[in-house]
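Visitor: My structure is below; once you've seen it, I'll send some questions.
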Amino acid sequence: MKYQVIPLIYAASEQFKNTIRFGIEFFDEIESEALRYAVDQVQKRYPYFSVKIEREGEKYVLSENALPFVIHADDDPICLNSPESNNHLLSISWKDRIVWIDISHFICDGNGLAPLAKSLAYYYVEHRYGTDGIETGDIRLVTDAIEEGEYLYPFPDSPLPDDDGMPANPKEYQPFLFDDTLFDGEGSYNYNLQVKQQDLMKYAKSNDGSPVSFISVMMYEMLMSIYPEMEKDIVIQIPHEYRKALNRPLSHDCLARVFFIKLAAKDRNKSIEMLNTSVRGQVILGSDISADVAAINGMLQLDAYMQSLPLEGKIAAMRGIVAGTLAKNTFGISYSGNIGWGGLEKYIRDLHVYAGENERHNSLSVELFTLGDSFTISLMQPGKNPVFVQELLQTFGRYGIECRLMSEGRFQLADYQLPE
């Protein structure tokens with residue numbers, strides 16, 4: 001069986017790896033036998049992730065790949081879609097207490113990765129500890145029937161009905177961008193934080209806010225403290241997935257468009273409630289379904305045009321589009337929703353979520369996940385400079401929110417090979 005690729009794959013390059021690194025950190029050292037068992041079960045449960053990229057004429061396709069997922073005992077990622085990974089777009093590695101999932105963003109987004117990560121954790125725990133007390137209602141198991149909506153190509157053949165709503169990304173901003181001298185030029189660095197959900201949400205819920213809106217405000221206040229003379233605006237990039245607009249709630253990869261919101265430097269003295277309300281309002285406008293429909297229909301037009309191009313033309317077109325979106329934000333923030341682990345969290349100390357190419361365009365990015373009663377916060381940046389995380393921790397503290405620094409370190413994302 002062959003699967004259609006998303007058009008974004010033609011933008012793949014050294015500057016745009018578009019891979020995700022997801023780490024599950026257990027309290028105990030990893031047991032390799034239990035991990036092999038878990039990975040084998042996951043490969044059975046998610047056949048649509050057992051694929052490789054192949055060239056078919058002047059286009060790429062995803063083809064089934066029956067070879068086993070590779071597991072290697074190291075925390076460095078291996079090259080995807082290469083012999084090193086059995087030509088898979090997914091590989092597993094481990095070191096000490098952490099299991100790493102490296103997967104191409106071309107076949108999976110955060111909402112598609114979360115079920116896979118939970119299944120992997122479940123089968124690992126089953127083999128190692130037993131699953132007494134684990135609730136499996138929200139965990140996908142090998143014994144489940146795989147619903148069609150999980151693996152179907154999510155986009156329609158014809159445009160969606162347009163209600164003449166607001167256009168996607170209607171505004172252009174001039175963002176504050178970081179100076180090269182802030183960073184050490186030695187690759188991406190991550191600070192992993194945790195905060196209790198109830199501590200954070202007591203502020204967000206006062207105006208029907210969300211973790212994204214509140215963390216955005218915390219980041220804004222952090223930057224205002226570090227740059228008291230700043231005059232440019234803080235521009236925040238937020239991805240918004242298409243599942244609702246496409247009516248594909250189970251899809252493993254629905255793509256997303258990005259929209260931008262602004263917090264003005266002149267508003268630095270406003271209360272946290274007013275800032276949170278401003279962000280929340282912009283998020284509601286930016287995530288309007290009519291903007292999703294317009295973006296989806298635009299993508300369908302682009303895809304139709306790209307079908308007429310040779311492979312080299314497809315690559316040039318998509319790389320040009322992607323290049324135009326880089327370095328237009330001060331920071332980006334992504335959240336995959338409140339994910340229930342069914343009790344598995346008692347075995348898991350932390351989650352590590354890495355994405356993006358921070359070292360390429362000197363911006364910060366934040367990935368939010370839920371783990372039990374906590375939010376895990378991955379703060380990624382191009383270099384080790386601790387000024388941002390130190391000030392962010394102080395910003396949380398000013399509001400009586402305990403935010404813990406769990407770990408820190410350099411990271412790299414998996415590379416991949418494309419067929420010639």
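Visitor: Can you find, among Leu246, Tyr37, Gly313, the residue sitting farthest towards the positive end of the charge dipole of the chain, where Lys and Arg contribute +1 and Asp and Glu -1 at Cβ?
Guide: Comparing the listed Cα positions along the dipole, Leu246 ranks first.
Visitor: Continuing with this model, one more query. Return a whole-number percent for the relative contact order of the chain, with Cα pairs under 8 Å and 6 or more residues apart as the contact set. Write down the numbers at each step before the final one.
Guide: Values: 804 pairs, mean separation 115.9, N = 420.
Once normalised by length, the contact order is 28 percent.
Visitor: May I pose another question? Would you be so kind as to identify all helices of the chain, as entire DSSP H runs, whose Cα atoms reach 15 Å or more along the helix's own axis and whose mean Kyte-Doolittle hydropathy is at least -0.5? All intermediate terms of the calculation are to be shown ahead of the outcome.
Guide: Working: long enough: 32-45 (20 Å, -0.94); 110-128 (26 Å, -0.25); 211-226 (22 Å, 1.43); 272-286 (21 Å, 0.64); 289-307 (27 Å, 0.62); 311-323 (18 Å, 0.89); 387-398 (17 Å, 0.46).
Correct list, ordered by number: 110-128, 211-226, 272-286, 289-307, 311-323, 387-398.
Visitor: What number comes out for accessible area per residue over the chain if the probe is 1.4 Å? Units Å², please. Present the calculation step by step, with values, prior to reporting the outcome.
Guide: Working: 17820 Å² over 420 residues.
Computed with neighbouring chains in place, this is 42 Å² per residue.
Visitor: Among 220-231, 112-123, how do they line up by average Cβ neighbours within 10 Å per residue, starting with the highest?
Guide: On the way: 220-231: 16.1, 112-123: 22.0.
Sorting 220-231, 112-123 by mean packing, highest first, produces 112-123, 220-231.
Visitor: Sticking with this one: Of the heavy-atom accessible surface of region 248-370 (probe 1.4 angstrom), what whole percent is carbon and sulfur?
Guide: Working: 2780 of 4810 Å².
The value for region 248-370 is 58 percent carbon and sulfur by accessible area.
Visitor: Let me ask another. By its C-alpha gyration tensor, with a ≥ b ≥ c as the square roots of the eigenvalues, how is region 35-164 shaped: rounded for a/c under 1.5, else prolate for a/b larger than b/c, else oblate? Display every interim value, and only then the final one.
Guide: Numbers: a/c = 2.16, a/b = 1.29, b/c = 1.67.
In terms of gyration-tensor shape, oblate.
Visitor: Here is a follow-up. Taking θ as phi - 60°, what are the ³J(HN,Hα) couplings along region 401-412 by the Karplus curve (6.51, -1.76, 1.60), each to the nearest whole Hz, with x for Gly and Pro?
Guide: 9, 7, 10, 9, 7, 8, 6, 8, x, 6, 8, 9
Visitor: Here's a follow-up. What dipole magnitude, in Debye to the nearest 20, does the chain give about its Cα centre under +1 on Lys/Arg Cβ and -1 on Asp/Glu Cβ? The partial results should precede the final answer.
Guide: Numbers: 38 positive and 60 negative charges, 136 e Å.
Its charge dipole is roughly 660 debye.
Visitor: Give me, ordered by chain and number, the residues 5 or more places off Asp350 or on other chains with an amide H under 5 Å from its own placed amide H.
Guide: Here the answer is Glu25, since their amide H atoms fall under 5 Å of that of Asp350.
Visitor: Quick one: which residues, 5+ away or cross-chain, put their amide H under 5 Å from the amide H of Thr370? H built at 1.01 Å from N.
Guide: Under 5 Å from the amide H of Thr370 lie the amide H atoms of Ile339, Thr376, each far enough along the sequence or on another chain.
Visitor: So what's the projected area for region 206-335, the Cα convex hull averaged over all directions, in nm²?
Guide: Numbers: hull surface 38.5 nm².
Over all viewing directions, region 206-335 projects a mean Cα-hull area of 9.6 nm².
Visitor: How would you classify region 275-332 from its alpha-carbon gyration tensor, with a ≥ b ≥ c the square roots of the eigenvalues: rounded for a/c under 1.5, else prolate if a/b is greater than b/c, otherwise oblate?
Guide: Numbers: a/c = 6.98, a/b = 1.84, b/c = 3.79.
Since a/c reaches 1.5 but b/c is at least a/b, the shape of region 275-332 is classed as oblate.
Visitor: Right, something else. What number comes out for the charge environment of Phe396, summing +1 per Lys or Arg and -1 per Asp or Glu over other residues with Cβ under 13 Å away?
Guide: Working: positive: Lys196, Lys202, Arg398, Arg404; negative: Asp199, Glu221, Glu391, Glu402.
Residues near Phe396 contribute 0 overall.
Visitor: Which shape class applies to region 52-92: rounded if a/c is under 1.5, otherwise prolate when a/b exceeds b/c and oblate if not, where a ≥ b ≥ c are the square roots of the Cα gyration tensor eigenvalues?
Guide: Values: a/c = 3.72, a/b = 2.20, b/c = 1.70.
In terms of gyration-tensor shape, prolate.
Visitor: So how strong a dipole does region 1-131 carry about its Cα centre when Lys and Arg Cβ are +1 and Asp and Glu Cβ are -1, to the nearest 20 debye?
Guide: On the way: 13 positive and 19 negative charges, 95 e Å.
Result for region 1-131 is approximately 460 debye, rounded to the nearest 20.
Visitor: Suppose every Lys and Arg Cβ carries +1 and every Asp and Glu Cβ carries -1, with no other charges. What dipole size does region 246-355 come out with about its Cα centre, to the nearest 20 debye?
Guide: Working: 12 positive and 9 negative charges, 74 e Å.
Roughly 360 debye, rounded to the nearest 20.
Visitor: State the answer as a single residue: which of Phe155, Gly130, Tyr227 lies farthest towards the positive end of the charge dipole of the chain, with beta carbon charges of +1 for Lys and Arg and -1 for Asp and Glu, about the Cα centre.
Guide: Tyr227
Visitor: Which distance in Å, rounded to a whole number, links the C-alpha centroids of region 243-273 and region 76-134?
Guide: Centre-to-centre (Cα) distance: 27 Å.
Visitor: Something else now. For Phe259, list long-range residues whose amide hydrogen, built 1.01 Å from N in the peptide plane, is under 5 Å from its own amide hydrogen.
Guide: Excluding prolines and chain starts, which carry no amide H, the hits are Ile238, His240.
Visitor: Of the heavy-atom accessible surface of region 9-60 (probe 1.4 angstrom), what whole percent is carbon and sulfur?
Guide: Values: 860 of 1920 Å².
Whole-percent figure for carbon plus sulfur exposure: 45.
The values are calculated or read from the model by the stated rules, or taken from the named source; none is laboratory data. A quick note: this is a predicted structure, and the numbers were derived from the prediction, not measured. Using ideal geometry, Cβ is built from the backbone for each residue, glycine included, and neighbour counts are taken over all protein chains shown. Please note that ligands, DNA and RNA were not included when accessible areas were found on the heavy atoms of the full protein model with its side chains. Shrake-Rupley method; radii C 1.70, N 1.55, O 1.52, S 1.80 Å.
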